[in-house]
Amino acid sequence: MGGSGLIPMHDCDEFVYGQPGVYGTLGAPALGNLPGSRQGASSWTDNSGDFWLFGGWGTVSSNGGGCLNDLWVYQPVPSLQAAATPTFNPPGGNYTTAQSVTIGGATPNAVTQITVFMRRINSVNKP
């Protein structure tokens, strides 16, 4: 087949500067654990929906960077209940006077965030 038989490799002396990893205690999941910035990593999703991330090169803790040999797994929580569609009273529409709006929903402890955009529309009648 030809070629040199060499597999191109990244020079681990050159690395990505960025966010360092927070590794915590091996085998002890914690919300604060975080993979650091990297490039050239391998990633996949397994049949259970877990996302895996392995290696690459990038930022290692606070000691600079280099080749990474770490394995991370993110396991989504399937038991989270989807929030019900919120209800609005009065219903959406065009109103000519100020309205008090009540927002409700059937999902316990759900937080509803809304953004209201207000604009004035000027219409011009043309002959």
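None of the figures in this text is laboratory data; all of them are computed from the coordinates on show. Nothing here was measured: the structure is a model prediction, and the numbers come from that model. Cβ atoms come from the backbone with ideal geometry, glycine included; neighbour counts cover every protein chain shown.
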> What length, rounded to one decimal in nm, is gained on full extension from ALA106 through to THR25, with 0.36 nm per residue of separation minus their alpha-carbon distance?
Replying inline: 25.2 nm
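Using Cβ contacts closer than 10 Å as the measure, can you line up TYR95, TYR74, TYR23 from fewest to most? Could the numbers behind the result be given before it?
Numbers: TYR95 9, TYR74 12, TYR23 16.
Fewest-to-most ranking of TYR95, TYR74, TYR23: TYR95, TYR74, TYR23.
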